[in-house]
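This report refers to the structure that appears directly beneath it.
The values are calculated or read from the model by the stated rules, or taken from the named source; none is laboratory data. None of these values were measured; they are calculated from a predicted model. All Cβ positions, even for glycine, are placed from backbone atoms using ideal geometry, and neighbour counts span all protein chains on display.
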Amino acid sequence: TASVRLESVSKAYGAVRAVDDVSLTVERGSIVGVIGYSGAGKSTLVRLINGLERPTSGRVFVGDDEITALSERRLRPVRRGIGMIFQQFNLFRSRTVAGNVGYPLRVAGVPKAERDARIARLLEFVGLLEKAHAYPEQLSGGQKQRVGIARALATDPHLLLADEATSALDPETTADVLALLQRVNRELGITIVLITHEMEAVRAIADRVVVMDGGRVVEQGALYDVFASP
Ligand code: ADP
Ligand code: ADP
């Protein structure tokens, strides 16, 4: 089964069709890049996939669930299966690296011993175990995003949504973070949707590409088909 499937999904804000009749499938275990200029509808697409927005029309499936048919209460466990990372990292300034990574586990009521063990494994995976007691402001941008990735993985998601996750980083750091996302995909088997305006990020790690413009999907296909077109 697919990790994400959209069937003729539209989302209107008044007269603006932010997402306009979009159909797409993200196969389990793949990395799909969603690319488009500012205003193309990418962020709206993210909010439709994680259930923060309901479409004006159409159906959204995440894993085996049609999330457009679920109540808020029944959406909650589906959301726990989706990790999110952001352009501005969205870390808590007042919490240590370990505190940030462990936060979703604390919310989920995971006992401290289990939480600590899991925090250590996650920090080891992203190569930041020695920064466990540091605060976000003591970290570089790339380190902050690695903390963001560790936190996103804390609840064992099957899907990771990366919303402009490398857009605030310099090219070298971007390459490191993309390499880490590739390990998340290959070693942990997590499906990734990489939403970005950066062609290079998509080219570096995506298997498939979805090109959006004006709320519509204007092209989609395998990486080489989309970028090799004359
Ligand atoms: P992107 O992430 O590709 O920049 P967005 O999904 O943010 O695109 O926006 C797509 C269009 O929808 C834009 O015209 C934007 O102004 C509009 N839009 C997005 N969210 C809202 C909202 N909450 N209210 C009104 N208009 C919105
Ligand atoms: P808070 O949640 O109040 O921000 P801390 O940031 O101090 O608390 O720690 C969060 C959790 O991470 C605590 O349970 C702590 O024991 C654990 N922790 C701290 N350092 C490490 C580490 N090096 N490896 C694993 N877990 C750690």
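Points to keep in mind about this one:
- Breaking point among (1) surrounded by fewer than 16 Cβ atoms within 10 Å (Cβ to Cβ); (2) closer than 30 Å to LEU129 by Cα, for GLU27: (2)
- Condition met for THR155 (in contact with a strand residue (DSSP E or B) (Cβ under 9 Å, 6 or more places away or on another chain) and under 29 Å from ALA2 (Cα atoms)): yes
- Test: residue in the stretch 36-48 that is more than 13 Å from ligand 1 (Cβ to nearest atom), among the hydrophobic types (A, V, I, L, M, F, W, C) and under 19 Å from the mean Cα position of the chain (by Cα): no
- Scanning the stretch 123-138 for residues that are closer than 18 Å to VAL184 by Cβ and either within 9 Å of ligand 2 (Cβ to nearest atom) or acidic (Asp, Glu) (or both) yields LEU123, GLU124, LEU129.
- In the stretch 209-225, residue modelled with the lowest pLDDT [restricted to those that are hydrophobic (A, V, I, L, M, F, W, C) and surrounded by 15 or more Cβ atoms within 10 Å (Cβ to Cβ)]: LEU223
- Criterion violated by THR68 - all others in (1) surrounded by fewer than 20 Cβ atoms within 10 Å (Cβ to Cβ); (2) within 16 Å of ligand 1 (Cβ to nearest atom); (3) of a type in the set (Val, Ile, Thr) satisfied: (2)
- Taking the criterion of being in contact with a Ser or Thr (Cβ under 7 Å, 6 or more places away or on another chain) and within 17 Å of LEU188 (Cβ to Cβ), the residues of the stretch 28-49 that qualify are ARG28, GLY29, SER30.
- Candidates ALA206, ALA201, ALA152: the one that is closer than 26 Å to SER43 by Cα, buried (at least 22 other Cβ atoms within 10 Å of the Cβ) and modelled with pLDDT under 95 is ALA201.
- Evaluating VAL19 against the criteria (1) near ligand 1 (Cβ under 8 Å from one of its atoms); (2) in contact with a helix residue (DSSP H, G or I) (Cβ under 6 Å, 6 or more places away or on another chain); (3) under 27 Å from ARG183 (Cβ atoms) leaves one unmet condition, (3).
- Failed item in (1) surrounded by fewer than 16 Cβ atoms within 10 Å (Cβ to Cβ); (2) in a strand (DSSP E or B); (3) within 13 Å of ligand 1 (Cβ to nearest atom), with VAL9 passing the rest: (1)
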